[in-house]
Amino acid sequence: MKTALLLHGTGGSNTDYFWFADTKKFLEDHGYYVWWPLLPHTEKPNLQDTCDFIKNQHPDLDAETIIIGHSSAAPAILHLLEGWVPVKQVVLVGGFYQSLDDDGYSDAMLPEQFYWDTIKTKADQIIMINSDNDPWGATDIQARTPAVKLGATLIVPTGQGHMGSLTYEQPYREFPLLKTLLLV
């Protein structure tokens, strides 16, 4: 069975979190089983608890799996990929890969280091989508170095902020760009 993982970021949920519900339906319409869990400590996640939860709960992954993560889910996904079987596609939206100026929230989700050479062998395709004006600093500038190290495609939609934010009143209920990129 084709499987997709949808992993929310800080403050997210598994109910009606911006473009996730629409993306879930899109993937299901294309024959995917979609796992969209409520991750632990959503208001202040940490890497260890998040990764332990995902490792212990996720469905079986294989060469047809698609993984999509938003914001703080991005560094967790990359960290987990180091030990997972290769998957079809990874799409990271508004992700960060180094500390942000956010009172330590981002630091709690970052591993001591990323093993870029290992990670890049774990997905047929890695896409990073980072806006040029993310209000938390997870911009295209921060994503450039990881994109190069991973051989990933970096897409920079202009003026799109965090691509979903209650704080910045960015509803983002649908994400047409994402749908065009998914290898369904």
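The values are calculated or read from the model by the stated rules, or taken from the named source; none is laboratory data. Bear in mind that the values here come from a model prediction, so they are computed numbers and not experimental data. As a convention, Cβ positions derive from the backbone with ideal geometry for all residues, glycine included, and neighbour counts pool all protein chains shown.
If I filter the stretch 129-139 for residues that are surrounded by 13 or more Cβ atoms within 10 Å (Cβ to Cβ), under 15 Å from the mean Cα position of the chain (by Cα) and closer than 14 Å to Ile68 by Cα, do I get at least one hit?
yes
Of all residues being among the hydrophobic types (A, V, I, L, M, F, W, C) and out of contact with any helix residue (DSSP H, G or I) (no Cβ under 8 Å at 6 or more places or on another chain) in the stretch 6-34, which is modelled with the lowest pLDDT? Just the residue, please. Step through it out loud before you land on a result.
Step one: filter the stretch 6-34 for residues among the hydrophobic types (A, V, I, L, M, F, W, C), giving 6-7, 18-21, 26-27, 34.
Cutting the leftovers down to out of contact with any helix residue (DSSP H, G or I) (no Cβ under 8 Å at 6 or more places or on another chain) gives us 18, 20-21, 27.
On the way: Phe18: 88, Phe20: 95, Ala21: 94, Leu27: 98.
Ranking the candidates gives Phe18 first.
Restricting the first residue to the stretch 6-21 and requiring it to be more than 17 Å from Ile54 (Cα to Cα), which pairs with a second residue that is in a helix (DSSP H, G or I) meet a Cβ separation below 6 Å and a spacing of at least six or different chains?
Sorted first by the residue in the stretch 6-21, then by its partner, the list stays empty.
Among the listed residues Thr50, Thr23, Thr15, identify the single one that is within 28 Å of Thr145 (Cβ to Cβ) and either in a loop (DSSP other than H, G, I, E, B) or out of contact with any Pro (no Cβ under 9 Å at 6 or more places or on another chain) (or both).
One residue alone meets the criteria, Thr23.
Conditions (1) surrounded by 15 or more Cβ atoms within 10 Å (Cβ to Cβ); (2) of a type in the set (A, V, I, L, M, F, W, C); (3) under 21 Å from Leu100 (Cα atoms), marked per residue:
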| site | (1), (2), (3) |
| --- | --- |
| Ser13 | no, no, no |
| Glu28 | no, no, no |
| Glu43 | no, no, yes |
| Asn46 | yes, no, yes |
| Ile54 | yes, yes, no |
| Gln57 | no, no, no |
